[in-house]
Amino acid sequence: MIKPIELVIFDCDGVLVDSERIAAQVQVALGAELGWPLTEDEVVARFIGRSHAAIREQVAERLGQETATVWAERFEQLHREAVDAGLVPVEGLPEALDEITLPTCVASSGSHEKMRHTLGRTGLYERFAGRIHSSTDVARGKPAPDLFLHAAQRMGVDPAACVVVEDSRPGVQAARAAGMRALGYAGGLTPAEHLEGAGTVVFHDMRKLPALLREM
């Protein structure tokens, strides 16, 4: 028997805040600057949804550890500047949160510091304060299930009673690996077909999220 939903676990970048486009643009610019030409589609396939450590590992394999360090430092600087210049919540997200009555939390590949910054800039931090989890809290980032299982454990909810709202392929893979249902948001950079799979409903408008949750 399918358990009723008791907890909604939100990814952060691309689900709560419209930051994936910013991140992709910065990664493309860094690739051109540091010797790894990348298209936006390649950045989405390689980097979106993965932890900073996983991205740094890919850059190191391609360009060496020294360049990977420079890349990581430059990304942090340029991303922060772009966020300060105009980051906004995902369209329809604040209205959706106002309608959702289920317990919620955040589980993101981003660091706690990064989420304090992005959620703070968009007025969302206080909605989730004390219920924010990062891949830095666990041994393995997405697509491994560790982060979502950690969030469920900290929130005291059975994984089978959780639903994850994600916008990346590694994210929905992590949800499935954790034994959780997933809602794949395809209103951002990731193509809908990259989110589709068992136990996953794909949607394109964040305003529809409350109704989707009621149907689960």
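The values are calculated or read from the model by the stated rules, or taken from the named source; none is laboratory data. Bear in mind the structure is a predicted one, so any value in this text is a computation, not a measurement. Cβ placement follows ideal geometry from the backbone for every residue including glycine, while neighbour counts extend to all protein chains displayed. In case anyone asks, the SASA skips ligands and DNA or RNA and just uses the protein heavy atoms, side chains included. Shrake-Rupley method; radii C 1.70, N 1.55, O 1.52, S 1.80 Å.
With the simple model of a label 7 Å out from the Cα in the direction of the Cβ, Gln25 to Glu6 spans 4.3 nm. Centre-to-centre, using Cα atoms only, region 73-101 and region 144-164 are separated by 24 Å. Modelled spin labels at Glu73 and Ala129, positioned 7 Å past Cα toward Cβ, are 3.3 nm from each other. Which of rounded, prolate or oblate describes region 135-216 when judged by the alpha-carbon gyration tensor and an a/c cut-off of 1.5? Verdict is oblate for region 135-216. Within the chain, antiparallel bridges make up roughly 5 percent of the DSSP beta bridges whose residues both belong there.
State the extension gain, in nm to one decimal, for the chain segment bounded by Met216 and Glu33, taking 0.36 nm per residue of separation less the distance between their alpha-carbons.
On the way: separation 183, 0.36 × 183 = 65.88 nm, distance 4.61 nm.
61.3 nm is the gain from fully extending Met216 to Glu33.
Helices that extend 18 Å or more along their long axis by alpha-carbon positions and average at least 1.6 on the Kyte-Doolittle scale are absent among the DSSP H runs of the chain. A Förster distance of 30 Å, applied to the separation of the beta-carbon atoms of Glu57 and Ala85, puts the FRET efficiency at 0.55. Accessible area of Met155 (1.4 Å probe, protein heavy atoms only, ligands and nucleic acids ignored): about 50 Å².
Estimated purely from DSSP H runs of n ≥ 4, each contributing -39500 (n - 2.57), the mean residue ellipticity at 222 nm for the chain is -14000 deg cm²/dmol once divided by its residues. Near Arg181: Cβ cut-off under 13 Å, other residues only, Lys/Arg at +1 and Asp/Glu at -1. The net charge is -2. Subtracting the Cα-Cα distance of Glu40 and Glu95 from 0.36 nm times their residue separation leaves 16.9 nm of extension gain.
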